[in-house]
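The values are calculated or read from the model by the stated rules, or taken from the named source; none is laboratory data. Given the structure is predicted, the values throughout are model-derived calculations rather than measurements. Here the Cβ positions follow ideal geometry from the backbone for every residue, glycine too, while neighbour counts run over all protein chains shown.
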Amino acid sequence: MWIAICLIILGIVGVVIAMALGAAKAIGTPELIIVGVYGVLIFFYIYPAMKMWKFANRVNGLMSTRSLADLDASLAEMRKLWKFTGIITIVILCIYLVFIIGLVAMGATSALKSGAFTR
């Protein structure tokens, strides 16, 4: 997961360098959109990676001490990870639903404008 984060950061750096060198002047402003999307992607990768890292550290502590407090701490980190994953999944499914409804509505209005449903 940390490798993916490094690759995303390299992508951002590459786009910024291309913008600075003027190589992407013919394209326009989509470079800023790409940098913004990559910035959001970094958050969606860093938070779960940190939670998995903390979980692994807590489990290592649990292996050495075998205490109930370490077990609770490790399970709390895992619970936070799965809660975040569940929320992100629900949000993405809602975005997909809105996108599909929008595409169907655009297709229907386009068909109505072209006269596809007239007799």
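Of these, ILE17, ILE33, ILE88, ILE3, which one is touching a residue at least 40 places away in the same chain (Cβ under 8 Å), out of contact with any helix residue (DSSP H, G or I) (no Cβ under 6 Å at 6 or more places or on another chain), assigned to a helix (DSSP H, G or I) and exposed (fewer than 14 other Cβ atoms within 10 Å of the Cβ)?
Numbers: ILE17 fails: touching a residue at least 40 places away in the same chain (Cβ under 8 Å); ILE33 fails: touching a residue at least 40 places away in the same chain (Cβ under 8 Å); ILE3 fails: touching a residue at least 40 places away in the same chain (Cβ under 8 Å).
ILE88 is the lone residue from the list that is touching a residue at least 40 places away in the same chain (Cβ under 8 Å), out of contact with any helix residue (DSSP H, G or I) (no Cβ under 6 Å at 6 or more places or on another chain), assigned to a helix (DSSP H, G or I) and exposed (fewer than 14 other Cβ atoms within 10 Å of the Cβ).
From LEU103, LEU71, grab the single residue that is in contact with a helix residue (DSSP H, G or I) (Cβ under 8 Å, 6 or more places away or on another chain) and either more than 17 Å from PHE44 (Cα to Cα) or in a helix (DSSP H, G or I) (or both).
LEU71
Checking each residue of segment 95-110 against the condition of being out of contact with any Lys or Arg (no Cβ under 8 Å at 6 or more places or on another chain), in contact (Cβ under 8 Å) with a residue 12 or more places away in the chain and within 28 Å of CYS6 (Cβ to Cβ) gives no match.
Residue check: is LYS83 of a type in the set (Lys, Arg), more than 30 Å from ILE12 (Cβ to Cβ) and surrounded by fewer than 13 Cβ atoms within 10 Å (Cβ to Cβ)?
Details: of a type in the set (Lys, Arg): yes; more than 30 Å from ILE12 (Cβ to Cβ): no; surrounded by fewer than 13 Cβ atoms within 10 Å (Cβ to Cβ): yes.
So LYS83 does not fit the description; no.
Regarding segment 43-52, can at least one residue be identified that is more than 21 Å from LEU7 (Cβ to Cβ) and part of a helix (DSSP H, G or I)?
Step one: list which residues in segment 43-52 are more than 21 Å from LEU7 (Cβ to Cβ), which gives none.
Scanning segment 43-52, I find no residue that is more than 21 Å from LEU7 (Cβ to Cβ) and part of a helix (DSSP H, G or I), so the answer is no.
Considering the conditions (1) within 30 Å of ILE3 (Cβ to Cβ); (2) surrounded by 10 or more Cβ atoms within 10 Å (Cβ to Cβ), SER64 is excluded by exactly one of them, (2). If only residues of segment 91-115 that are among the small types (Gly, Ala, Ser) and surrounded by fewer than 10 Cβ atoms within 10 Å (Cβ to Cβ) are counted, the one that is modelled with the highest pLDDT is SER114.
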